[in-house]
Amino acid sequence: MRLVIAAPANGVELKNALKAHLQADARVQSLLDLSAPEGTYPQLSFAAAQEVAAGRADRAILICGTGVGTAIAANKVRGIRAATAHDLLTLRGSVENYDAQVLCMGQNVIAAPAAWALVDIWLDLRHDTGSSYAPKVGEIAAFERGEG
């Protein structure tokens, strides 16, 4: 899997912890870190989401203080579905049901070991195109294209 990771200053500690695990994970083909000390969460979120939208990355992980700001910003990029998840139910639903390509987490919300436990699961999750949610994801995409 080709991943992008990014965090502004208030997410760098959790980002670095996750990055260390991801770099050692055989499931990760490439890992691009777009973090910059002067970068704002909107700038970094837009840049990471654009990598996914353009097909240069399969998924992205964004870290800020709560994970909410990065999700809001990433969702402004056409074709992107970003979700904040700090628990297993939300994490699984974000990918399996809603086909979210961007995982957002908050450094002030979740400890690094718990975040890694979730990311470890997230790497293996896939969208269930046969679920009752799949048509709704299509409905969202159609609206985004101006068809709804």
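Every test in (1) at positive phi; (2) modelled with pLDDT under 95 is passed by GLU147 save one, and that test is (1).
When each of ARG2, ARG27 is tested for being more than 15 Å from ALA112 (Cα to Cα), open to solvent by 10 Å² or more (accessible area, probe 1.4 Å), touching a residue at least 12 places away in the same chain (Cβ under 8 Å) and in contact with an Asp or Glu (Cβ under 6 Å, 6 or more places away or on another chain), the lone residue that passes is ARG2.
When each of ALA134, ALA53, ALA117, ALA112 is tested for being more than 23 Å from PRO42 (Cβ to Cβ), out of contact with any helix residue (DSSP H, G or I) (no Cβ under 7 Å at 6 or more places or on another chain) and at pLDDT 95 or above, the lone residue that passes is ALA117. Screening GLY93 on (1) in contact (Cβ under 8 Å) with a residue 24 or more places away in the chain; (2) of a type in the set (Gly, Ala, Ser); (3) closer than 30 Å to GLU139 by Cβ; (4) out of contact with any His (no Cβ under 8 Å at 6 or more places or on another chain) shows it passes everything except condition (1). Going by the conditions given, is ARG92 among the basic types (Lys, Arg), surrounded by fewer than 17 Cβ atoms within 10 Å (Cβ to Cβ) and touching a helix residue (DSSP H, G or I) at 6+ places or on another chain (Cβ under 8 Å)? Criteria met by ARG92. Number of residues in the range 37-89 that are in contact (Cβ under 8 Å) with a residue 60 or more places away in the chain and open to solvent by 50 Å² or more (accessible area, probe 1.4 Å): the value is 1.
Within the range 115-136, if we keep just the residues that are touching a residue at least 24 places away in the same chain (Cβ under 8 Å) and not in a helix (DSSP H, G or I), the residue that is nearest to the chain's Cα centre (by Cα) turns out to be LEU123. The residue of the range 5-24 that is surrounded by the fewest Cβ atoms within 10 Å (Cβ to Cβ), among those that are free of Cβ contacts under 8 Å to residues at least 24 places away in the same chain and of a type in the set (Gly, Ala, Ser), is ALA24. PHE143 falls short on exactly one of the conditions (1) hydrophobic (A, V, I, L, M, F, W, C); (2) open to solvent by 80 Å² or more (accessible area, probe 1.4 Å); (3) in a loop (DSSP other than H, G, I, E, B), and that condition is (3).
The values are calculated or read from the model by the stated rules, or taken from the named source; none is laboratory data. A quick note: this is a predicted structure, and the numbers were derived from the prediction, not measured. So basically every Cβ, Gly included, is an ideal-geometry build from the backbone, and we count neighbours across all protein chains shown. Accessible surface is based on the protein model in full, side chains and every heavy atom, while ligands, DNA and RNA are left aside. Shrake-Rupley method; radii C 1.70, N 1.55, O 1.52, S 1.80 Å.
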